[in-house]
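Undergrad: Mind looking over this structure? Questions follow.
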Amino acid sequence: MTDAFLPALAGIVDDAGLVTDRARMASYLTDWRGVFTGDALAVVRPRTTDEVARVVQACAHHGVAIVPQGGNTGLAAGATPLGLERAIVLALERMRAIRTLDREGFTIGVDAGCVLADVQRAAEEAGRLFPLALAAEGSAQIGGLIATNAGGTAVLRYGSMRALVLGLEAVLPDGRVVDGLRALRKDNAGYDWKQLFVGSEGTLGVITAAVLRLFPRNRATATALVALDDLDAALALFGMLQDALGETLAACELFSERCLELQLAHAPQRERPLPRHPWYLLIEAGSSLPGLRDALEAALAEALEREIAAEAVLAESSAQRDALWLWRESITESERREGASAKHDVSVALSSIPAFVREATSAVEASFAGARVLAFGHVGDGNVHFNVLLPPDGSASSEEINALVHGIVRRFRGSITAEHGIGRYRRDELSSHRSESELSLMRAIKTAVDPDGRMNPGALF
Ligand code: FAD
Ligand code: MLT
Ligand code: ZN
């Protein structure tokens, strides 16, 4: 059957749409971290929803599995075709049209292959804001962001991808196109099926287009970096800022001194933004009303006065703002350059963050000599990236460290993935973090939509 399969694909997509050359396929077969490498019969790059549907039909006919891929920036190996005998990678990268932009209606309709930064730019050019923001925004695509229910640095104010999707178009595993590209803010006509696709990690179908919410642009933005002596202060400051700045508080991002040092090690020309302290909080507020900067300055002055904050710097220009953000946004890249790490995308109740980080850090350092904790993340969402650089002498594996940290997460009644998803990286741990009734409901949904198990097998389940 495979013999007839590639010619069938060649009859659907153009020459540039079918990649079978091993060298050209390589980058699609390895994940962003370079940890997982799989194999596939081909990489297929359709240009339209109709082509996607026909490719999916051909896969159904020939019994071939489909691994959807967006920008391949996922951190859970969900887009890597691992251990699959007959599979294609279905890359949406050529479907990148902005289909509609309704300025007055505050919506944008896009192909699934649109890169996030392009959507942000299109919104901005229309005087609007698409708020989702993350360090991979120059590559991550709308389809991938929806399929992982991406979070990022603006969830505090605008919610994760789930809150931003109004309408969806998807191709089901049998090749049928479901058109739910509506721009409605209220719609209770039956099951909200699109939400099933949000966070589905490519296991239910291929997302081909979406209608997304836009927001008013902030006319003023105030950004500050604050040094803290301990994690309890981070929580106290977050509470104070919420009281002082209300809904204008858009980001509250934490990182440790070790995260800062690692960046200095990989970019020694950069200058430390504040004198050395154990923790830093990057804060941003945005508003269309005047007085924002003064409000942030006053809140920080009070935090310094009450010795909640140790030091603080406020951005005086957009260049300074970008420079402050870089200390938060380039942690993951520095971590990748430093070497192998065990990733943990943990969420716990907000008030448990200090206790969780302290306990997990002590446990990792006591159990794995040479392991280095890099703790950072979206503190306002209770989401800590408790990443651990593996000991350079190879004395501990990622799996051993995951088991220890996730055991502590379970005791805190937290989640083993707040935003990156289960994918293949965390698949074997899902069953010990969800009840049997939850797992059987998930399996029932998967079986109802994809009875032959053709969509992204090995991811999630
Ligand atoms: P891919 O990696 O290509 O795919 C991810 C998953 O979605 C896979 O399971 C894939 O099969 C599926 N998929 C992709 N496209 C489709 C489609 N069209 N239809 C159906 N399924 C599809 N994530 C966060 O949430 N918050 C962060 O702050 C954050 N920061 C990051 C920073 C860096 C430096 C990096 C490298 C990653 C970061 N991520 C973050 C992870 C990643 O960017 C997100 O998970 C993102 O949503 C993945 O989008 P993608 O297009 O690259 O998807
Ligand atoms: C981030 O928030 O920068 C990424 O989600 C984190 C990671 O590298 O784990
Ligand atoms: Zn994150």
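None of the figures in this text is laboratory data; all of them are computed from the coordinates on show. Since we're looking at a predicted model, the values are computed, not measured. Glycine also receives a Cβ, built like all others from the backbone with ideal geometry; neighbour counts cover every protein chain displayed.
Undergrad: Determine the pairs where a residue that is basic (Lys, Arg), located within segment 368-386, has a partner that is more than 9 Å from ligand 2 (Cβ to nearest atom) with Cβ atoms under 6 Å apart, the partner being 6 or more residues away or on another chain.
TA: What qualifies is Arg372/Leu389.
Undergrad: With respect to Gly339, is the statement that it is closer than 21 Å to Leu235 by Cα and within 16 Å of ligand 2 (Cβ to nearest atom) true?
TA: When the stated conditions are applied, Gly339 does not pass them.
Undergrad: On to the next question. Those residues that are touching an Asp or Glu at 6+ places or on another chain (Cβ under 9 Å) and away from ligand 3 (no atom under 16 Å from the Cβ), I need them from segment 229-262; list them, please.
TA: Listed by number, the residues that qualify are Asp229, Ala233, Met240, Ala244, Leu249, Leu262.
Undergrad: Would it be correct to say that Asp31 is out of contact with any Leu (no Cβ under 9 Å at 6 or more places or on another chain) and of a type outside the set (Ser, Thr, Tyr)?
TA: no
Undergrad: Also: Contact list please: Cβ distance under 6 Å, first residue in segment 148-172 and in a loop (DSSP other than H, G, I, E, B), second residue away from ligand 2 (no atom under 16 Å from the Cβ) and of a type in the set (Lys, Arg), pairs at least six apart or on different chains.
TA: Final answer for the pair search is Asn149/Arg162.
Undergrad: How many residues does segment 263-305 hold that are assigned to a helix (DSSP H, G or I) and either surrounded by 13 or more Cβ atoms within 10 Å (Cβ to Cβ) or in contact with a helix residue (DSSP H, G or I) (Cβ under 8 Å, 6 or more places away or on another chain) (or both)?
TA: The number of residues fulfilling the criteria is 15.
Undergrad: Can you name every residue in segment 354-373 that is β-branched (Val, Ile, Thr) and within 15 Å of ligand 2 (Cβ to nearest atom)?
TA: Selection gives Val357, Val373.
Residue by residue, here is whether (1) outside any loop (DSSP other than H, G, I, E, B); (2) surrounded by 23 or more Cβ atoms within 10 Å (Cβ to Cβ); (3) away from ligand 3 (no atom under 16 Å from the Cβ) holds:
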site: Arg336; (1), (2), (3): yes, no, no
site: Ser351; (1), (2), (3): yes, no, yes
site: Ala360; (1), (2), (3): yes, yes, yes
site: Ala363; (1), (2), (3): yes, no, yes
site: Phe376; (1), (2), (3): yes, yes, no
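Undergrad: If you go through segment 23-47 one residue at a time, how many are assigned to a loop (DSSP other than H, G, I, E, B), within 25 Å of the chain's Cα centre (by Cα) and either of a type in the set (Val, Ile, Thr) or away from ligand 2 (no atom under 16 Å from the Cβ) (or both)?
TA: 7
Undergrad: Please determine, by comparing only the residues of segment 136-147 that are touching a strand residue (DSSP E or B) at 6+ places or on another chain (Cβ under 9 Å), in contact (Cβ under 8 Å) with a residue 40 or more places away in the chain and in a loop (DSSP other than H, G, I, E, B), which one is farthest from ligand 1 (Cβ to nearest atom).
TA: Checked segment 136-147; the qualifying residue farthest from ligand 1 (Cβ to nearest atom) is Ser139.
Undergrad: Does segment 293-309 contain any residue that is in contact with a Pro (Cβ under 8 Å, 6 or more places away or on another chain) and either within 16 Å of ligand 3 (Cβ to nearest atom) or in contact (Cβ under 8 Å) with a residue 12 or more places away in the chain (or both)?
TA: No.
Undergrad: Could you grab the pairs with beta carbons closer than 8 Å, sequence gap of 6+ or different chains, first residue in segment 106-135 and among the polar types (S, T, N, Q), second one part of a strand (DSSP E or B) and within 16 Å of ligand 1 (Cβ to nearest atom)?
TA: As it stands, the answer is Thr107/Val211; Thr107/Leu212, since those pairs meet every condition given.
Undergrad: Looking at Ser395, Ser435, which one is small (Gly, Ala, Ser), without any contact (Cβ under 8 Å) to a residue 12 or more places away in the chain, more than 16 Å from ligand 1 (Cβ to nearest atom) and more than 18 Å from Leu196 (Cβ to Cβ)?
TA: Sole residue among the options that is small (Gly, Ala, Ser), without any contact (Cβ under 8 Å) to a residue 12 or more places away in the chain, more than 16 Å from ligand 1 (Cβ to nearest atom) and more than 18 Å from Leu196 (Cβ to Cβ): Ser435.
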